[in-house]
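The values are calculated or read from the model by the stated rules, or taken from the named source; none is laboratory data. Source: prediction; values computed, not measured. Neighbour counts run over all protein chains shown; Cβ positions are idealised from the backbone, glycine included.
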Amino acid sequence: MLCRGALPTMNPYEIIERGGPGEIGWRIYFFESLASTQEKAAELAAHGSAQGTVVIADSQSAGRGRMRRRWHSPPGVNLYLTVILRPRMAAELMPQLSLVAGVAAAEAIELVAPARVRLKWPNDLWIDGRKTGGIISETVTERGQIVAVLLGIGINVNLQAVEIPADLRETAISIRAATGESCDRPALAAALFSRLNYRYMEAERLGFDPVRPVWEGYSALTGRRVVVVSGTARETGVVRGIDVDGALMLETGTGTLRFVAGEVTVEGAYQL
């Protein structure tokens with residue numbers, strides 16, 4: 001289905017729409033180009049779009065990840081999308097949604113491609129030690145209450161190795177560059193929505209406990225020595241996984257420290 005303002009083109013993702021309001025992927029708005037799927041999803045959420053509504057862009061001119069970092073978003077090769085969620089959970093649990101989405105995305109990629117995916121806390125998808133995807137979670141509030149979460153997911157799908165910007169080739173990769181095989185983007189999106197719907201509903205019902213061990217099984221950093229930057233502080237230590245709330249546990253020379261997603265940056269991960 002085309003949304004007002006989209007360029008006149010067919011929606012290749014319409015065939016994977018399923019279910020009804022509330023189910024992820026029940027309604028998919030497709031655009032040839034957007035500044036950011038996050039911005040368009042925010043507009044739709046403000047006008048009452050139901051949970052599970054998805055915005056997909058074939059390219060983005062101002063795609064961004066966590067901490068406002070720019071996301072390389074060329075046309076015709078990757079998957080750039082935002083899911084509108086209206087979670088029924090406490091506000092302090094919202095940071096866990098990025099971890100839940102990471103598990104769903106890893107599972108989806110492995111369903112459609114011969115790739116072994118790892119998760120770098122808090123929101124990166126890795127293949128062969130390089131970033132192939134990222135997740136951003138932003139809240140929408142009204143009168144101090146959270147009314148929606150905009151879950152943005154970007155995955156490098158069919159970008160060829162030579163198309164990756166030179167300054168990113170040491171740290172970025174696509175599914176195609178890693179496996180040598182092209183990947184059907186609508187099929188990947190369908191798998192992603194299916195796994196995300198399952199994992200999200202599971203988290204709403206049962207909390208983070210069922211997701212945590214699965215996330216740990218995908219963890220790229222557990223047992224590795226890294227530097228964690230939080231504000232002006234820098235802490236060096238060995239990652240001991242995540243706790244019951246999804247916080248990163250870092251064992252240092254003076255004890256184990258706990259870091260909450262969104263507050264820190266992990267340095268040195270690509271030199272592991």
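Applying the condition of being in contact (Cβ under 8 Å) with a residue 40 or more places away in the chain and over 21 Å from Val77 (Cα atoms) to region 20-40 and asking which residue is surrounded by the most Cβ atoms within 10 Å (Cβ to Cβ) yields Ile24. Considering only residues of region 100-136 that are in contact (Cβ under 8 Å) with a residue 12 or more places away in the chain, over 10 Å from the mean Cα position of the chain (by Cα) and in a loop (DSSP other than H, G, I, E, B), which is nearest to Arg195 (Cα to Cα)? Once the filter is applied, the top-ranked residue is Ala113.
For region 167-198, the tally of residues that are in contact with a Ser or Thr (Cβ under 7 Å, 6 or more places away or on another chain) and not in a helix (DSSP H, G or I) stands at 2. A count restricted to region 213-230 and to residues that are touching a residue at least 60 places away in the same chain (Cβ under 8 Å) and outside any strand (DSSP E or B) stands at 5. When the residues of region 30-61 are filtered to those that are among the polar types (S, T, N, Q) and assigned to a strand (DSSP E or B), the one that is farthest from Glu138 (Cα to Cα) is Gln60.
Of all residues in region 68-104, which are at pLDDT below 90 and closer than 14 Å to Trp121 by Cα?
Listed by number, the list holds a single entry, Pro95.
Against the criterion of being in the same structural domain as Glu110 (by TED's automatic domain parsing), in contact (Cβ under 8 Å) with a residue 12 or more places away in the chain, out of contact with any His (no Cβ under 6 Å at 6 or more places or on another chain) and within 22 Å of Trp121 (Cβ to Cβ), Leu159 does not qualify.
Among the conditions (1) part of a loop (DSSP other than H, G, I, E, B); (2) in contact with a Lys or Arg (Cβ under 7 Å, 6 or more places away or on another chain), Gly76 misses just one, which is (2). Scanning region 162-192 for residues that are small (Gly, Ala, Ser) and in contact with a His (Cβ under 9 Å, 6 or more places away or on another chain) gives a single hit, Ala172.
Each row is one residue, and each column tells you yes or no for (1) under 23 Å from Ile242 (Cα atoms); (2) modelled with pLDDT under 95; (3) among the hydroxyl-bearing types (Ser, Thr, Tyr).
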site	(1), (2), (3)
Gln160	no, yes, no
Glu163	no, yes, no
Glu170	no, yes, no
Ile175	no, no, no
Glu204	yes, yes, no
Arg212	yes, no, no
Trp215	yes, no, no
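Residues of region 137-166 that are in a strand (DSSP E or B) and either exposed (fewer than 12 other Cβ atoms within 10 Å of the Cβ) or among the β-branched types (Val, Ile, Thr) (or both): Thr139, Val140, Thr141, Glu142, Gln145, Ile146, Val147, Val149, Ile153, Ile155.
Each row is one residue, and each column tells you yes or no for (1) surrounded by fewer than 14 Cβ atoms within 10 Å (Cβ to Cβ); (2) within 20 Å of Glu23 (Cβ to Cβ); (3) out of contact with any strand residue (DSSP E or B) (no Cβ under 7 Å at 6 or more places or on another chain).
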| position | (1), (2), (3) |
| --- | --- |
| Gly180 | yes, no, yes |
| Leu188 | no, yes, no |
| Ala191 | no, yes, yes |
| Arg195 | no, yes, yes |
| Gly207 | no, no, yes |
| Val214 | no, no, yes |
| Tyr218 | no, no, no |
| Leu221 | no, no, no |
| Val228 | no, no, no |
